[in-house]
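**Student:** Before we start, here is the structure in question, set down as structure tokens.
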There are 2 protein chains.
Amino acid sequence: MDHLAPHDVMVVFLALAALLASAKFAGELVKKFNQPSVLGEIIAGILLGPTVLGHYRPGVYALLFPHTGPVALVLDGITAISVVFFLLTAGIEIDLASIFRQGKSALLVSSFGMVVPFGFGFAAAGLFPRFLGADDGTDRLVFALFIGTALSISALPVVARILMDLGLLTTEMGTIVMSSAMCDDLVGWILFGLVLGMMNPHADAGHGIRHTIVLVLGFAVLMLTVGRWLIHKILPFIQAHTTWPGGVLGFIFSLTLASAAFAEYAGIHTVFGAFITGAAVGESAHLRERTSEHIHQIVTNVFAPLFFASIGLHTNFVTNFHPGVTGVILGVACLGKILGAGWGARLGGMDMRTAIGVGMAMNARGAMEMILGILALQAGLIHESMFVALVVMALVTSLISAPAIRMLIQDKKKFSLKDIVSSELFLPNLTSDTKNGVLKEMCDIAAPLVGNAPERFFRLVSERERVTSSGWRAGVAVPYARVDGLLRPLVAIGKTEKGIDFGSRDGRPARLIVLILTPDNQSQHDLLADAGQLFSQKEMVDRALAANSFVELAAALNAPVK
Amino acid sequence: MDHLAPHDVMVVFLALAALLASAKFAGELVKKFNQPSVLGEIIAGILLGPTVLGHYRPGVYALLFPHTGPVALVLDGITAISVVFFLLTAGIEIDLASIFRQGKSALLVSSFGMVVPFGFGFAAAGLFPRFLGADDGTDRLVFALFIGTALSISALPVVARILMDLGLLTTEMGTIVMSSAMCDDLVGWILFGLVLGMMNPHADAGHGIRHTIVLVLGFAVLMLTVGRWLIHKILPFIQAHTTWPGGVLGFIFSLTLASAAFAEYAGIHTVFGAFITGAAVGESAHLRERTSEHIHQIVTNVFAPLFFASIGLHTNFVTNFHPGVTGVILGVACLGKILGAGWGARLGGMDMRTAIGVGMAMNARGAMEMILGILALQAGLIHESMFVALVVMALVTSLISAPAIRMLIQDKKKFSLKDIVSSELFLPNLTSDTKNGVLKEMCDIAAPLVGNAPERFFRLVSERERVTSSGWRAGVAVPYARVDGLLRPLVAIGKTEKGIDFGSRDGRPARLIVLILTPDNQSQHDLLADAGQLFSQKEMVDRALAANSFVELAAALNAPVK
């Protein structure tokens, strides 16, 4: 039996460790700037790939990511499994019912948002095939269909992420965009399945297309009707007769692997099978949230980063960057999507600003685009310059989406405690043993930070304190005051071993004191509400009290209580 | 760049689907017979491997699991990653602190439980190397050390599982066995790391051993002291500054992959690195339960089954089964472990029966044994007959452990509701609208099942009902009675749309009626307590009320409320 030699095993693990560690690091870093983590993950791959590491340290690059031999094959296999798992979770997120629930508006946005960019892309590829890199041997029709499809899809996970970050996910606009993006995803993947099938070298032209249409539509329709119904019936049976959630997890993953194998056999790539299976599984009300949570967390945090980082390994993003091709693709993609989806939104009765906002949201391509690009590159349908153009287009459209929507639709960012606490204002060892003493101590530290007199802060806080006592229950006190002229809210968190009487209802002395100072009533309201939510949980209070450093405190505030 | 051809991709996914689906199915099946799931997973692999599928359907076998070429390499790589992930979770379960907490008894059990079987194994391999399959070229010392090590380890996950099933995990005996098994695991893996290092072809004999001892001990000691401390410091920092649990998951998996690569580089195999890393990570109080739960669920339900099933692919378990070798290994293994660990337990002050029980519990080998076996087989240290003997020994010791302990230490099995409910006694549509009518309806179905008169059942239940009203809160009523002459408890679950007055404290009419009939007070007490625990959760009541079939009801009862 063929086995990996010890050296190969070492290289495989080293390569995976390097990919995962740098992808997660870069992904978290870009999140700090409110960008989707996939951006960082791809940049990490570009840094480790031929573009940077391969250019400056070709020896290290060749050791870690050999282009041929067992290691290359194993890494290719692991990437294939990673993307299949990722598409499974993407499919689970699709909510078929909600697409229909949104009715007319969603249908308008999604159909216009697909047809217009598809038409633009198809036309561009049909008119200038050579410029866009189609070889003489390439089937022009397939090429044009591919470009059209590539420009017409939206990336559900990225769109969801952007709307969530902007606080728009549950608004009417948000649900319409989400439903339309789901619909686009579904139709886009079916279209792409067709394009891939048409490239299938085993099938001859005419017969191939019919055969593929039957297979793709047949698989999608069967899986989403009969398959969905069967899964819905089987899941409670599995939950009743096997250990939970082990049996369900085994079932879902086995089914996904089998569907992926079938889709590949049918000539329409593994990812399509995984995506449709995910959509069918995710529909069942019997799939418990905790089961899908396990899948989601491990896949999005381990397998997806591995896959997205591996994108950067495929080519040199500098030498293959063709400004003309990239510009055309980017321009056509944005124009088509924003016009199309915006037009649909207008027809659905939205005002102009919101309609353009919808267009901008739908314009984010993200992950799906790149999966399409890789498959087309591997199938020899597109050149590396077009692949780079698609990846860049996906990144840029994802990047501009959030700021553009923010500009169009004024959103009021909510203030949250964990974003405002700072290490200077964490006072783990308060020394006073009276209420006023403690408040003075905290104002003494807080006021100079913003060039204010401690006396003024203390006066405002203690005035407020006279009106309502700030002792909450379970040993928490939250004194607060509005301070005119502050530029930003301040939150000081103090701990005392002694326990100070803040007049709480349960009579318990306060050991955790959260002082909130804000320039206006809005942020004060937000912060009080946030503190109320956080510290109503006993475990959170315990964690905060146990924190001996600011890092531990921030860790406690940042993670939800189980 | 080397890529998998579409056909190879298809085969990889098909092979993985077949392995996972059959491993999970067989694993769940043997669990029904109170056996560890690893047993079923290995049997599934044997069925798919050369032993059965390869023998009867060689064509299908050769298609699914080719011995050479890209598919073999990719499957080997995925197996290598699966076992590394499995050892990570095994390491996380190790609780270093508790080993020391148990003090003398645990140390006696663990040291005698290692030294005696190690001595027996070493002696047997030293005296009869040819019989046990050592070639002329094999280093006799290394071979004897390997056999000694292989017989001396215990399998923590299997031991834990057996104790849990017997309800002994939290008893004094249970904690001592667990601490000793952890200690054995740790020392066993360090020993095995040494043996593997000594086989390292790159190092020459004398220098090799010293070099390996330094590397293995150095890695283990550094990781469990400095590494552990660093991880404990870094985890809250990651939790504070990254999304949760994504950042932590990325960190743990990156670290594991890197440690695995380092261990392989040092010549002491990836699994050792993963196990020690898991032990170090699991020690940190900052590792949240939910984070390790995500890892645990996906790894034990997806990757571990893949790995254990793949064991069966390595060889033909019929042609390579050598009764003599297997018998010797099995006999020496059981004798050494039971005597050694039992002796240690006696010295620690346990009575004879409990001491033998401890020996039987420690005797379960399970997963770890087979990982050792595979690595030694791949390294050419042992023959296939010895590999089969080790796998059989691991299976048999795991199998006999639970029944033997059960015989030695009488345990009273608790009755639980979910084991007793049956489809005949699920009445989703009660028609009466009075309490007595509903009770009659249920007795009418229940009594004939056990050859009793419905009138008798109804009389007993309504007598009991006059003493205390059986209406609980939130729409649940639990009427019950003791029925002399029953051979087993009966539980009938009925639902009614109407809502019947059962005199509950909150005044709400009952819609879910759980009728409990038992032969004795013991089982009645257990079942009432179980019902109380289950239906104090509102979500569980809702789920039971929403169940329209027995399968849905069983699913609801079987899975914990989130």
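**Student:** Which condition number in (1) within 29 Å of residue A:53 (Cα to Cα); (2) under 20 Å from the mean Cα position of the chain (by Cα) is the one that residue A:297 fails?
**Tutor:** (1)
**Student:** Could you please find all residues in the range A:442-463 being closer than 20 Å to residue A:511 by Cα and either among the β-branched types (Val, Ile, Thr) or surrounded by fewer than 17 Cβ atoms within 10 Å (Cβ to Cβ) (or both)?
**Tutor:** Taking the range A:442-463 first, the residues closer than 20 Å to residue A:511 by Cα are A:442-446, A:458, A:461-462.
Result: A:444, A:445, A:461, A:462.
**Student:** While we're here: List every residue pair whose Cβ atoms lie under 7 Å apart, where the two residues are 6 or more positions apart in sequence or sit on different chains, the first residue falls within the range A:173-189 and is farther than 24 Å from residue A:146 by Cα, and the second residue, located anywhere, is of a type in the set (D, E, K, R) and open to solvent by 10 Å² or more (accessible area, probe 1.4 Å).
**Tutor:** Hits for this filter: zero, empty list.
**Student:** Quick one: which of A:333, A:404 is assigned to a helix (DSSP H, G or I), away from chain B (no Cβ under 14 Å) and crowded, with 21+ Cβ neighbours inside 10 Å?
**Tutor:** A:333
**Student:** So, one more: Restricting attention to the range A:252-262, which residues are facing chain B (nearest Cβ under 7 Å) and buried (at least 22 other Cβ atoms within 10 Å of the Cβ)?
**Tutor:** Correct list: A:253, A:254, A:257, A:260, A:261.
**Student:** Collect the residues in the range B:232-246 that are open to solvent by 10 Å² or more (accessible area, probe 1.4 Å) and assigned to a helix (DSSP H, G or I), keeping them in residue-number order.
**Tutor:** Once the filter is applied, which keeps residues that are open to solvent by 10 Å² or more (accessible area, probe 1.4 Å) and assigned to a helix (DSSP H, G or I), the range B:232-246 yields B:232, B:233, B:234, B:237, B:238, B:240, B:241.
**Student:** If you take the residues in the range B:264-281 that are more than 8 Å from chain A (Cβ to nearest Cβ) and modelled with pLDDT under 85, which one is farthest from the chain's Cα centre (by Cα)?
**Tutor:** Among those that are more than 8 Å from chain A (Cβ to nearest Cβ) and modelled with pLDDT under 85, it is B:266.
**Student:** Please go through the range B:63-97 and give me each residue that is within 11 Å of chain A (Cβ to nearest Cβ) and of a type in the set (Phe, Trp, Tyr), ordered by number.
**Tutor:** If the condition is that a residue be within 11 Å of chain A (Cβ to nearest Cβ) and of a type in the set (Phe, Trp, Tyr), then B:65, B:85 are the ones that fit.
**Student:** Just a yes or no: is a residue in the range A:98-117 open to solvent by less than 20 Å² (accessible area, probe 1.4 Å), away from chain B (no Cβ under 14 Å), within 23 Å of residue A:325 (Cβ to Cβ) and modelled with pLDDT under 90?
**Tutor:** no
**Student:** I would also like to ask the following. Please note which helices (runs of 4 or more DSSP H) are completely contained in the range A:469-562 and include at least 1 residues that are open to solvent by 40 Å² or more (accessible area, probe 1.4 Å) and out of contact with any helix residue (DSSP H, G or I) (no Cβ under 7 Å at 6 or more places or on another chain).
**Tutor:** Answer list for the range A:469-562: A:521-535, A:538-546.
**Student:** Do we have any residue at all in the range A:23-39 that's more than 9 Å from chain B (Cβ to nearest Cβ), assigned to a helix (DSSP H, G or I), under 30 Å from the mean Cα position of the chain (by Cα) and touching a residue at least 24 places away in the same chain (Cβ under 8 Å)?
**Tutor:** yes
**Student:** Could you grab me the full set of residues in the range B:263-295 that are in a helix (DSSP H, G or I) and open to solvent by 10 Å² or more (accessible area, probe 1.4 Å)?
**Tutor:** Once the filter is applied, which keeps residues that are in a helix (DSSP H, G or I) and open to solvent by 10 Å² or more (accessible area, probe 1.4 Å), the range B:263-295 yields B:264, B:265, B:282, B:283, B:289, B:290, B:292, B:293.
**Student:** Oh, and also: Residues in the range B:282-292: is at least one out of contact with any His (no Cβ under 9 Å at 6 or more places or on another chain), within 10 Å of another protein chain (Cβ to nearest Cβ) and modelled with pLDDT of 90 or more?
**Tutor:** no
**Student:** Tell me, which residue of the range A:208-241 that is of a type in the set (Lys, Arg) and over 30 Å from the mean Cα position of the chain (by Cα) is farthest from the other protein chains (Cβ to nearest Cβ)?
**Tutor:** The qualifying residue farthest from the other protein chains (Cβ to nearest Cβ) is A:210.
**Student:** In addition: Consider the range A:181-230. How many of its residues are modelled with pLDDT under 80 and of a type in the set (Gly, Ala, Ser)?
**Tutor:** 6
**Student:** Starting from residues that are away from chain B (no Cβ under 13 Å) and open to solvent by less than 20 Å² (accessible area, probe 1.4 Å), keep the ones in the range A:40-62 and report whichever is nearest to the chain's Cα centre (by Cα).
**Tutor:** The residue in question is A:42.
**Student:** Would you be able to say whether some residue in the range B:427-441 is open to solvent by 30 Å² or more (accessible area, probe 1.4 Å), under 14 Å from residue B:528 (Cβ atoms) and basic (Lys, Arg)?
**Tutor:** No: zero hits.
**Student:** Could I ask something else about it? Can you confirm whether the range A:351-372 contains a residue that is more than 12 Å from residue A:180 (Cβ to Cβ), crowded, with 24+ Cβ neighbours inside 10 Å and among the charged types (D, E, K, R)?
**Tutor:** Taking every residue of the range A:351-372 in turn, at least one turns out to be more than 12 Å from residue A:180 (Cβ to Cβ), crowded, with 24+ Cβ neighbours inside 10 Å and among the charged types (D, E, K, R).
**Student:** Pull up the range A:306-324, narrow it to residues that are outside any loop (DSSP other than H, G, I, E, B) and either surrounded by 24 or more Cβ atoms within 10 Å (Cβ to Cβ) or at pLDDT below 90 (or both), then point me to the one that is nearest to the other protein chains (Cβ to nearest Cβ).
**Tutor:** This residue is A:306.
**Student:** Does residue A:81 fit the bill of being β-branched (Val, Ile, Thr) and within 18 Å of the chain's Cα centre (by Cα)?
**Tutor:** For residue A:81, the condition - β-branched (Val, Ile, Thr) and within 18 Å of the chain's Cα centre (by Cα) - is not met.
**Student:** Continuing with this model, one more query. Take the range B:1-10 and flag every residue that is more than 8 Å from chain A (Cβ to nearest Cβ) and either assigned to a helix (DSSP H, G or I) or modelled with pLDDT of 95 or more (or both).
**Tutor:** Within the range B:1-10, B:7, B:8 qualify.
**Student:** Counting just the residues of the range A:296-305 that are within 7 Å of chain B (Cβ to nearest Cβ) and not polar (S, T, N, Q), which one comes out surrounded by the most Cβ atoms within 10 Å (Cβ to Cβ)?
**Tutor:** Checked the range A:296-305; the qualifying residue surrounded by the most Cβ atoms within 10 Å (Cβ to Cβ) is A:305.
**Student:** Give me a count of the residues in the range B:369-407 that are over 17 Å from residue B:317 (Cβ atoms) and small (Gly, Ala, Ser).
**Tutor:** 5
**Student:** Out of the residues in the range A:129-142 that are surrounded by 14 or more Cβ atoms within 10 Å (Cβ to Cβ) and hydrophobic (A, V, I, L, M, F, W, C), state the one that is nearest to residue A:192 (Cα to Cα). Lay out the reasoning, then the answer.
**Tutor:** Residues of the range A:129-142 that are surrounded by 14 or more Cβ atoms within 10 Å (Cβ to Cβ), as a first pass: A:129, A:132-134, A:138-139, A:141-142.
This time we only want the ones that are hydrophobic (A, V, I, L, M, F, W, C), so: A:132, A:134, A:141-142.
Numbers: A:132: 19, A:134: 18, A:141: 13, A:142: 10 Å.
In this case the residue turns out to be A:142.
**Student:** On to the next question. Can you go through A:463, A:539, A:441 and tell me which one is more than 21 Å from residue A:422 (Cα to Cα) and over 40 Å from the mean Cα position of the chain (by Cα)?
**Tutor:** A:463
The values are calculated or read from the model by the stated rules, or taken from the named source; none is laboratory data. Everything quoted here is computed from the prediction, not taken from an experiment. Because the Cβ atoms are built from the backbone with ideal geometry, glycine has one as well, and the counts that use them run over all protein chains shown. Just so you know, the surface numbers come from the protein's heavy atoms only, side chains and all, with ligands and any DNA or RNA stripped out. Shrake-Rupley method; radii C 1.70, N 1.55, O 1.52, S 1.80 Å.
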